[in-house]
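Quick notes on the structure that follows.
What follows is calculated from the coordinates using simple rules that are stated; it is not laboratory data. Note that the coordinates shown come from a computational prediction; the quantities given were computed from them, not determined experimentally. Counting neighbours? That spans all protein chains shown, and the Cβs are built from the backbone with ideal geometry, glycine included.
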Amino acid sequence: MATFLQRTTPLTAFLTFLLLTSACDAPKPAPPVETSAQGSDATGTGSSGASPTAGSSAPEVVGPAPADLHDVDWTKTPAPGEFCGVPELVRFDARGEARATSTVWGPVHVMRGRNVYYGDTDGDNRDEAALYVGCDDGVTQNAQIAAGYVVYARVGKDLVVIGSITPRQKAGPYPTLLARPEFAPGRIIAHEKWYRPNDAHCCPSGDATTVWTREGSRLTPGEPHITS
């Protein structure tokens with residue numbers, strides 16, 4: 001799961017899809033790609049088996065944090081690549097892009113969304129933040145492999161990652177997309193767009209929500225709930 005880098009290559013499809021759906025942050029998907037020879041049994045869907053579905057017991061520190069996360073310079077903030085099977089932090093260039101190596105798919109192209117979503121989940125009157133990240137095959141640059149919202153929080157004086165929210169509803173021929181995250185006390189609700197068998201690339205017709213519960217510095221997903 002704000003309104004949605006004008007480009008003519010990888011992000012053209014990304015911006016086109018945003019205009020069509022008026023909600024989703026994710027790039028236009030294409031059929032699943034083959035896994036790398038070094039990969040495991042990943043399916044190539046939007047929610048990959050490569051990444052943990054909840055934050056680690058100790059949150060990952062990515063830098064110092066201002067008192068208000070609205071003041072973070074997100075263009076210079078790294079993101080964990082676990083959602084795409086990248087074991088290290090991903091650092092983006094000025095265009096919000098990076099190249100990395102996935103343990104599942106090999107070389108990948110990673111992009112960061114422009115929009116940041118804010119909300120208070122732990123009742124401390126300070127917002128947490130969710131930043132969209134996605135990766136594609138790095139070749140056709142429109143074949144979405146995986147996507148997620150990286151959730152950041154302020155712990156002490158540190159900016160930390162408490163988890164990556166990934167799509168949970170699995171259906172249709174293309175990867176499920178993330179529409180937006182919705183913050184609430186003790187949880188984040190991920191709105192997802194999923195494909196029915198006859199849906200075109202542009203237009204997933206299914207809607208689902210998944211509630212991610214926050215317990216300390218950990219996010220745990222529930223079962224997806226189909227809403228349409």
Legend entry - Ranked by how many other beta carbons lie within 10 Å on average, peptides 192-199, 99-106, 154-161 from highest: 99-106, 192-199, 154-161
Inset, instruction - Can you work out the PRE-style zone for T227? Point 7 Å along Cα to Cβ, and I want the residues of region 148-186 with backbone N under 12 Å. - result: 179-183
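If we count every other residue with Cβ under 9 angstrom of G96's Cβ, Lys/Arg +1 and Asp/Glu -1, where does the sum land? Can you show the working numbers first?
On the way: positive: R95, R112, R114; negative: D93, E97.
Cβ neighbours under 9 Å give a net charge of +1.
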Inset, instruction - Sort out for me the Cα centre separation of region 102-137 from region 171-228, rounded to whole Å. - result: 14
